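Participant: Okay, here's the structure, questions in a sec.
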Amino acid sequence: MSKSNDSPSGNNKGDLASIVASNNDLSPASVKQGETGSISPKPSNSNAVQVKSEKTDLPQFERGIVDGLVLKFGDSIKIIYVKPLRIKIEVPPKDIVEVARYIRDEAGFDHAESVSATDYPKTGDIEVIYHLGSYTRENLSSQILALSTRTDRDNARLPSLIQVFKSVEYHERESFEMVGVYFDNHPRNDRFLLPEDWADIPPLRKEFRIKGR
Amino acid sequence: MSDQEERISETTRLGLEIVKEAEEDRLMTLSVGPQHPGSGHFRFTVKVDGDYIVDCDPDPGYVHRGEEKMCEYRNFIQNIPHLERPVIHDSSNITYSYSLAVEELVKIDVPRRAQFIRAIASELNRQVYTLYWLAIYGIFLGHSTMFMWPTGDRELIIDLLEALTGARVTHAYNIPGGVRNDLPYGFKDRCLRQVSYLEGRLKEYEDIFYNNPLLRQRTEGVAILTKEDAIKLGVTGSVLRASGVPYDIRKAEPYDIYDEIDFNVQYMKTCDSFARAYVPLLDMRESCHIIRQLLDKMPESGEVRAKLQPNPKGPPGETYRRVESGRGALGYYIVSDGTPRPYRVKISVGSFRNLLALPHLLVGSKLGDMPSVYWSLNYWPVEADR
């Protein structure tokens, strides 16, 4: 079980243990002392946008990632929060593809874990947030970078990130039908989870009410 | 354009159409599911050219319940029982990350003993899920013994969980702030006995099923998902680890007391259908070690749940927390606007993420490999649809 081989050996009949690579040294190097058990909750206001990068009590590693982004894109990036293991930034829709490409190529986040669209009727916009993670870089394996952008809820159109992160394909398609955000350059903005004869507004919009509630 | 040229181009156009029709005639579209016994509540269409699949279009949603919308109408505690419906066999894990997220939003500290207990419940639940998956995987690869054995052994762990939680499959046991109730009398000994039994059985599964030449022939070297593709497609769980990426949330971002537990991330580098079927078995074996350590290190007494307000609420904010479930990373993105009800809940489940690998793997495979490829993805339709 402790043996690890570098080449795929599918024809290794009989001896299963030899094709199993077991990983002893995957200790979370990125996870710093005292932050491992649970993320210490810090209040954050999703609507109040503040630039906090000048603060000194920020976690060191996360601040490094943020500083790189700010250095590259300057004022077009708003930092919503920097917490241990979690960063959230907001960019305008016109820059999102460029920022995403930088995040993939330079910062090292290689896949999207989740894409969520949230409807805010009070401010009249829809926020789309991409939770990006990394499989390839060990020091980023515990990090989630939340890349968010906002669009007008009456004309919800955003550029798709499918050219940068292939893994957003079904998530974006789900956001299209559930919240009604049209993704430009996405190959299929169409029905996915809802019934084929669905003829109502997107159900995760706030004005859609469940009957009887 | 002269008349002659026009006639020629018209002829060419007709000729091309005939060729195209002939090409389309070669292709046959097959609909798999949702009534088909081999797919679960899930439908996908495949186009076959002879024996080979040339196109695949998944069509999920037959068991979509609108869990995310339902969450917005109930408070944080009321959400627990319906949130575990998407995957009732793994209900402790799907409520685990929800609990972690709510604890972060509402700011609750979990007692140490409760952290151990819910980790044990989740590990046992993962075993239940994997045994169930293994049973289905076995029967669809034509191995009916592999259906009977895990189904029977699963009952033993279900009995254990029933003693612990009071319900066979839908436990609603992990709650924000801990667990619902303390361990029953004699749980530790009983749990150790079942885990030892299961470990012995895993050896037998390996002998009768994984070393079976028929299974090996149907799965080895079939439907290769390379490491690069796995990362690009963002797959998770056993599918990812079978492609040579040693990534497990319990190791990458340890939650509760997992940083005190000594275990290895099980992964394989062969990237084929067999690896995707074998990694869950390795995970179960490792999980047995984890359960033993958890039982050993657990404090003998103490609180098992933090005191909660009747209608807990926190300041406005948002969080994204994840755990390792039977099907990979299971994350909750919860936005709170300061009221006792969540403003938005997004459940990011492993099944939905692994679905992207299905067309990728099926296109180019033989039709006969479809069941082994589909079930090797550890796909649970109800969870993917939410």
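The values are calculated or read from the model by the stated rules, or taken from the named source; none is laboratory data. Everything quoted here is computed from the prediction, not taken from an experiment. Please note: Cβ atoms are built from the backbone with ideal geometry, for glycine as well, and neighbour counts cover all protein chains shown. These accessible areas exclude ligands, DNA and RNA; they are computed on the full protein's heavy atoms, side chains included. Shrake-Rupley method; radii C 1.70, N 1.55, O 1.52, S 1.80 Å.
Participant: Convex hull volume of the Cα atoms in the stretch B:63-385, per residue, in Å³?
Facilitator: 119 Å³
Participant: A further question follows. Would you kindly compute the Cα radius of gyration of the stretch A:124-169 and its largest Cα-Cα separation (Dmax), both in Å?
Facilitator: So, for the stretch A:124-169, Rg and Dmax equal 13.2, 41 Å respectively.
Participant: Helix B:3-26 sits at what angle to the longest principal axis of chain B, using alpha carbons and giving 0 to 90 degrees rounded to 10?
Facilitator: 40 degrees
Participant: Roll a 1.4 angstrom probe over the protein heavy atoms and tell me the percent of accessible area of the protein assembly as shown that is carbon or sulfur.
Facilitator: Numbers: 11850 of 23490 Å².
Of all accessible area on the protein assembly as shown, carbon and sulfur atoms account for 50 percent.
Participant: Another question about this same structure. For the pair B:GLU303/A:LYS211, report the inter-label distance in nm, with labels modelled 7 Å from Cα in the Cβ direction.
Facilitator: 4.5 nm
Participant: If one computes the Cα centroid of the stretch A:152-201 and of the stretch B:350-386, what distance in Å separates the two points?
Facilitator: Cα centroid to Cα centroid, the span is 21 Å.
Participant: If exposed GluC sites (Glu not before Pro) are those in a DSSP loop with at most 15 other Cβ within 10 Å, what is the longest stretch of chain B that has none?
Facilitator: Details: sites that count: B:GLU300, B:GLU303.
Longest gap between qualifying sites, sites excluded: B:1-299.
Participant: Right, next: In µm²/s, what is D for the stretch B:1-78 at 4 °C and 1.567 mPa s, where D = kT/(6 pi eta Rh) by Stokes-Einstein and Rh is the Kirkwood radius from Cα pairs? Write down the numbers at each step before the final one.
Facilitator: On the way: Rh = 17.0 Å.
Once the numbers are plugged in, D ends up at 76 µm²/s.
Participant: To the nearest 10 Å², what's B:THR130's accessible area with a 1.4 Å probe?
Facilitator: 10 Å²
Participant: Of all GluC sites (Glu not before Pro) in the stretch A:106-213, which ones are in loop regions per DSSP and have a Cβ with at most 16 other Cβ atoms within 10 Å?
Facilitator: On the way: sites: A:GLU106, A:GLU113, A:GLU127, A:GLU138, A:GLU169, A:GLU172, A:GLU174, A:GLU177, A:GLU196, A:GLU207; in loops: A:GLU196, A:GLU207.
Loop-located and lightly packed - A:GLU196, A:GLU207.
Participant: For every helix of n ≥ 4 consecutive DSSP H residues, a contribution of -39,500 (n - 2.57) applies; sum these over chain B, divide by its total residues, and give [θ] at 222 nm rounded to the nearest 500 deg cm²/dmol. Show your work: numbers first, answer last.
Facilitator: Values: 16 runs with 191 residues, N = 386.
Helix contribution divided over all residues of chain B: -15500 deg cm²/dmol.
Participant: Give, to the nearest whole percent, the P(r) tail of the protein assembly as shown beyond 37 angstrom, counting all Cα pairs.
Facilitator: Numbers: 59724 of 179101 pairs.
Percentage above 37 Å: 33.
Participant: Two decimals is fine: what is log10 I(q)/I(0) at q = 0.09, 0.10, 0.13 Å⁻¹ for the stretch B:49-207, from a Debye sum with one equal scatterer on every Cα and no solvent?
Facilitator: -0.38, -0.47, -0.73
Participant: Where does helix B:91-106 land angle-wise versus the long Cα axis of chain B, in degrees 0 to 90, nearest 10?
Facilitator: In chain B, helix B:91-106 runs at an angle near 70 degrees to the longest axis.
Participant: For B:ASP369, tell me the accessible area in Å² from a 1.4 Å probe, rounded to the nearest 10.
Facilitator: My reading of the accessible area for B:ASP369 is about 40 Å².
Participant: Hey, how many Å between the Cα centroid of the stretch B:1-69 and the Cα centroid of the stretch B:268-325?
Facilitator: 42 Å
Participant: Would you work out which of B:THR165, B:GLY237, B:TYR62 lies farthest towards the positive end of the dipole of chain B, given +1 charges on the beta-carbon of Lys and Arg and -1 on that of Asp and Glu, about the Cα centre?
Facilitator: B:THR165
Participant: Give, to the nearest whole percent, the P(r) tail of the stretch B:254-386 beyond 24 angstrom, counting all Cα pairs.
Facilitator: On the way: 4521 of 8778 pairs.
So the pairs more than 24 Å apart make up 52 percent of the total in the stretch B:254-386.
Participant: Using label points projected 7 Å from each Cα along Cα→Cβ, tell me how many nm separate B:LYS203 and A:TYR102, to one decimal.
Facilitator: If labels sit at B:LYS203 and A:TYR102, their model points lie 5.8 nm apart.
Participant: Provide, in order from the shortest bin, the percent of all Cα-Cα pairs of the stretch A:48-213 in each 5 Å bin, continuing until the bin that contains the maximum pair distance.
Facilitator: Final binned percentages: 1, 8, 18, 20, 18, 14, 9, 6, 3, 1, 0.
Participant: Let me ask something additional. With every protein chain left in place, what is the accessible area of B:LEU215 in Å² (1.4 Å probe, nearest 10)?
Facilitator: Accessible area of B:LEU215: about 10 Å².
Participant: On a 1.4 Å probe surface of the protein chains, which of A:LYS88, A:LYS122, B:LYS232 comes out largest in accessible area, and what is the full order? Write out the running numbers ahead of the final one.
Facilitator: Numbers: A:LYS88 0, A:LYS122 205, B:LYS232 110 Å².
Sorted by accessible area, descending: A:LYS122, B:LYS232, A:LYS88.
Participant: Work out the charge dipole of the stretch A:48-213 with +1 on the Cβ of Lys and Arg and -1 on the Cβ of Asp and Glu about the Cα centre, then indicate which of A:LEU71, A:THR118, A:VAL99 is farthest towards its positive end.
Facilitator: Towards the positive end, the residue furthest out is A:THR118.
Participant: Now for a different question. Compute the distance in nm between two label points, each set 7 Å from the Cα along the Cα-to-Cβ direction, one at B:TYR73 and one at B:ARG168.
Facilitator: Taking the two extended label points, one gets 2.9 nm.
Participant: Here is a further query. Can you tell me the orientation of helix B:187-205 relative to chain B, as the angle in degrees between its alpha-carbon axis and the longest Cα principal axis, to the nearest 10?
Facilitator: 30 degrees
Participant: Could you give the size of the charge dipole of the stretch A:48-213 about its Cα centre, using +1 on the Cβ of each K and R and -1 on the Cβ of each D and E, expressed in debye and rounded to the nearest 20? Provide the component values of the computation, followed by the final result.
Facilitator: Details: 25 positive and 28 negative charges, 91 e Å.
Here the size comes out at about 440 debye.
Participant: For the stretch B:216-281, how big is the tail of P(r) above 21 Å, as a whole percent of Cα pairs?
Facilitator: Details: 573 of 2145 pairs.
Here the long-distance tail beyond 21 Å is 27 percent of all Cα pairs in the stretch B:216-281.
Participant: For the stretch A:121-213, list log₁₀ I(q)/I(0) at each q in 0.15, 0.20, 0.24 Å⁻¹, using the Debye formula over Cα point scatterers of equal strength and ignoring solvent, two decimals each.
Facilitator: Each listed q maps to, in turn, -0.67, -1.03, -1.28.
Participant: Further, regarding this structure: Which value, in nm² and rounded to one decimal, describes the direction-averaged projected area of the C-alpha convex hull of the stretch A:152-192?
Facilitator: Values: hull surface 10.5 nm².
Average projection, Cα convex hull of the stretch A:152-192: 2.6 nm².
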